[in-house]
Amino acid sequence: MRAIPVFVIRRSHGLASLNLRELWHYRELAYFLAWRDIKVRYKQTTIGVAWVVLQPLAMMAVFSLFFGRLANVPSDGLPYHLFVLSALLPWHLFSRTISESTTSLITDQRLITKVYFPRIIVPVSTIIAAMVDFCIIACLLFAMMLIYGITPGLRVLWLPLFVLLLLVSSMGVGFWLSALNVEYRDVMYTVPFLNQLWFFLTPVVYPSSLLPQQWRIFYGLNPMTGVVEGFRWCLLGKGEGLSPMVALSAIVAVSLFGSGVIWFRSRERTFADALGSTGV
Amino acid sequence: MGDVAIKIEGISKQYRIGELQKYKALRDTLADAMYSPFKLFHSIFGSSNTEDKGGNGTIWALKDVSFEIKRGEVVGIIGRNGAGKSTLLKILSRITEPTCGYAEIHGRVGSLLEVGTGFHPELTGRDNIYLNGAILGLRRAEVVQKFDEIVAFSGTEQFLDTPVKFYSSGMYMRLAFAVAAHLETEIVLVDEVLAVGDMAFQKKCLSRMGQVSKDGRTVLFVSHNISAILSLCNKVIYMADGGIRAIGAPQSIISSYLADVLANCGEDLERLRVQGYGKDVWFSEIKMVSNSREHLLFGQELVFELRVFSRRQVKHLSIGCTVFNDVGHPVGTLFTSETFSVEQGKQYYLRLLISNVSLAPGSYHAGFSIGYGGLNGMRHDLDIVIGSPAFRVLTLSEGEGAMPDWNRSWGNIVFKDAQLTVV
């Protein structure tokens with residue numbers, strides 16, 4: 001006979017143990033929730049998955065027109081389309097993850113008040129779903145690079161590291177916002193604004209070389225600065241690669257992630273009560 | 001200690017009143033912080049629930065509950081709404097934490113707290129089986145292995161590739177229960193799942209539950225369906241006001257529970273309402289007006305007066321009435337063939353007359369439902385109240401139709417108009 005696991009139920013104090021083994025056990029659930037979101041997202045649209053490609057393309061066109069053509073924003077000597085798209089690729093994932101993970105616990109409140117599972121699975125699944133879009137946009141970008149005849153060179157080997165940095169930043173922010181939103185719904189209404197503000201604080205439509213050299217390192221306090229610059233550096237060979245600014249971004253991202261996980265895990269036991277456990 | 005499945009010591013759960021509806025606005029916390037910065041720090045990084053100040057703005061949903069359940073036992077939990085049954089199951093399934101106390105659970109817990117949780121209306125039946133399985137803690141491989149069995153159990157083969165939003169509510173429930181019924185955890189927690197579905201499917205569910213316990217698994221079972229509890233459980237816990245009133249053999253516990261229910265009937269129907277019903281249309285008063293309010297003589301007709309309140313317009317409503325005996329077994333049921341409509345925001349008085357009842361002398365209580373749809377499993381109830389009114393049928397010792405003392409082992413129906421001829 002199989003060994004029977006023993007669970008102890010008591011009120012936990014302080015910071016709950018992270019219990020990574022349990023998270024591993026529930027990994028399939030994260031996958032299934034993401035799969036549900038992907039399947040449902042474009043369900044009643046006529047053009048379906050084409051939206052994934054259209055959205056960044058449209059954004060790229062608008063930015064190229066207004067910033068590249070009319071405002072003459074410099075683009076480190078690159079075609080402006082490509083310059084923007086290489087940044088939109090990580091930005092799109094980031095902005096989608098923070099807006100969707102913020103409301104994710106509310107959206108799935110019936111699940112949370114009726115079934116036990118590690119709640120962190122819910123915001124994690126939103127990022128998995130967003131990664132599908134990420135891959136599609138990446139293909140688009142590679143196709144455009146081919147058209148412009150740009151080959152990334154050996155630097156592209158650093159790309160996985162920057163993708164990891166992107167995921168860590170997105171999840172870190174996502175954990176904080178989703179957990180806070182359970183208790184303070186104000187968060188939900190702040191996020192669209194936050195998203196826009198963050199967009200302009202990140203060198204998506206302009207290069208970070210616009211900033212004076214001596215201040216540039218502080219720019220790295222925004223983890224997405226490091227991500228976007230890193231993506232450009234790996235793929236297009238421009239912008240800052242392994243610089244102090246990017247290192248600072250990485251440090252900020254990792255601390256956001258670590259503190260986010262701890263905060264989330266220490267609050268998740270109150271979620272079922274906060275989300276209202278009586279309603280049938 | 002080897003055969004203990006669940007051991008609970010002094011489990012209590014406190015809720016702040018209003019906590020269930022209200023969420024904090026950031027400004028409240030910020031306002032608090034203005035007054036005492038330390039408190040903010042404490043409320044964020046400190047413990048999750050406020051320390052029990054006792055009474056003031058808080059309620060105890062559970063108070064000092066202790067018991068032990070052995071492996072393979074099927075335990076029924078009964079009690080009125082608000083007695084703490086569901087809170088107890090929520091704590092055992094780790095959805096919420098106890099305020100204090102300690103519990104030890106030997107084995108994985110599968111909970112059927114609400115059937116169909118996590119179903120997505122846009123996904124097909126097939127997709128939902130996988131999704132729901134994952135939510136309930138089944139591995140993908142396990143679902144694949146049991147897929148055919150689950151589909152066969154639910155009887156929805158032809159509709160597997162149809163989004164479940166097109167399912168009838170009966171089909172939806174059958175599919176949802178089928179997934180949950182195939183969980184293979186050592187401990188199964190069930191909350192009121194049998195309140196749904198048609199009779200045939202309920203029977204199937206009950207026998208499935210019986211089978212689960214034969215496999216040596218432990219079942220905790222919350223239900224208002226007393227006869228299901230009687231037929232399935234070998235132990236019953238009777239909860240009241242957040243604590244355990246009695247625990248022991250089903251027959252005696254259920255009798256004392258029903259005695260309590262009936263002693264206090266006539267009070268608010270809210271406590272007798274089956275959970276989840278009475279949202280749009282509900283009974284606000286039910287009384288018997290036959291002879292007196294408590295008893296009638298054998299052979300007399302039953303007359304009930306029902307007051308119904310409606311929050312929205314509903315057409316083609318009918319009333320269902322079931323009479324239960326003193327151990328909670330249903331004796332008989334009727335559905336009115338007459339239908340009626342209700343308007344939004346209005347109150348209606350209904351009178352239900354049942355003649356030719358033939359109920360044997362004894363104690364009974366009635367249950368009423370209001371709903372629409374046919375009886376072939378498609379009926380949709382809007383409100384169900386069980387336990388009121390309670391009444392006694394008295395022996396008529398003289399005159400025509402006189403009855404002797406009725407022996408309980410004869411059942412609850414007196415057959416009339418029999419003819420015996422010597423041929």
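The values are calculated or read from the model by the stated rules, or taken from the named source; none is laboratory data. Since we're looking at a predicted model, the values are computed, not measured. Positions of Cβ are generated from backbone atoms using ideal geometry, with glycine treated the same way; all protein chains shown enter the neighbour counts.
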Notebook entry, point to check: Residue check, A:Phe162 against (1) closer than 24 Å to A:Ala30 by Cβ; (2) surrounded by fewer than 18 Cβ atoms within 10 Å (Cβ to Cβ), all met but one. Which one?
Noted result: (2)
Item checked: Only one of B:Leu123, B:Leu136, B:Leu131 that is at pLDDT below 85, aliphatic (A, V, I, L, M) and surrounded by fewer than 23 Cβ atoms within 10 Å (Cβ to Cβ) -> B:Leu136
Next item on the list: Specify the residue that is farthest from A:Met131 (Cα to Cα); the eligible residues are those in region A:40-56 that are of a type in the set (Val, Ile, Thr) and within 14 Å of another protein chain (Cβ to nearest Cβ).
Entry: A:Thr45
Item checked: Count of residues meeting criterion [within 14 Å of chain B (Cβ to nearest Cβ), in a loop (DSSP other than H, G, I, E, B) and hydrophobic (A, V, I, L, M, F, W, C)] in region A:109-157 -> 2
Item checked: Given (1) surrounded by fewer than 24 Cβ atoms within 10 Å (Cβ to Cβ); (2) modelled with pLDDT of 95 or more, index of the condition A:Phe94 fails -> (1)
Item checked: Every residue from region B:372-388 that is more than 13 Å from B:Thr322 (Cβ to Cβ) and part of a strand (DSSP E or B) -> B:Tyr372, B:His380, B:Leu382, B:Asp383
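Condition first: under 21 Å from the mean Cα position of the chain (by Cα) and within 30 Å of B:Leu138 (Cβ to Cβ). Can you find one or more residues in region A:142-154 that meet it?
Here is the first cut: in region A:142-154, the ones under 21 Å from the mean Cα position of the chain (by Cα) are A:142.
Narrowing further to those that are within 30 Å of B:Leu138 (Cβ to Cβ): none.
No, that holds for no residue.
Name every residue in region A:238-278 that is hydroxyl-bearing (Ser, Thr, Tyr), more than 20 Å from the chain's Cα centre (by Cα) and either farther than 29 Å from B:Gln14 by Cα or in a loop (DSSP other than H, G, I, E, B) (or both), in order of residue number.
A:Ser243, A:Ser277, A:Thr278
Which ones in region B:147-168 are among the polar types (S, T, N, Q), surrounded by fewer than 16 Cβ atoms within 10 Å (Cβ to Cβ) and free of Cβ contacts under 8 Å to residues at least 60 places away in the same chain?
Residues of region B:147-168 that are among the polar types (S, T, N, Q), as a first pass: B:154, B:156, B:158, B:162, B:168.
Then keep just the ones that are surrounded by fewer than 16 Cβ atoms within 10 Å (Cβ to Cβ); that gives B:158, B:162, B:168.
The answer is B:Gln158, B:Thr162.
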Check: Out of region A:167-195, which residues are of a type outside the set (A, V, I, L, M), away from chain B (no Cβ under 11 Å) and touching a helix residue (DSSP H, G or I) at 6+ places or on another chain (Cβ under 9 Å)?
Finding: A:Ser169, A:Ser170, A:Gly172, A:Gly174, A:Phe175, A:Trp176, A:Ser178, A:Pro192, A:Asn195
Next item on the list: Please state which one of B:Val327, B:Val323 is of a type in the set (Val, Ile, Thr) and part of a strand (DSSP E or B).
Entry: B:Val323
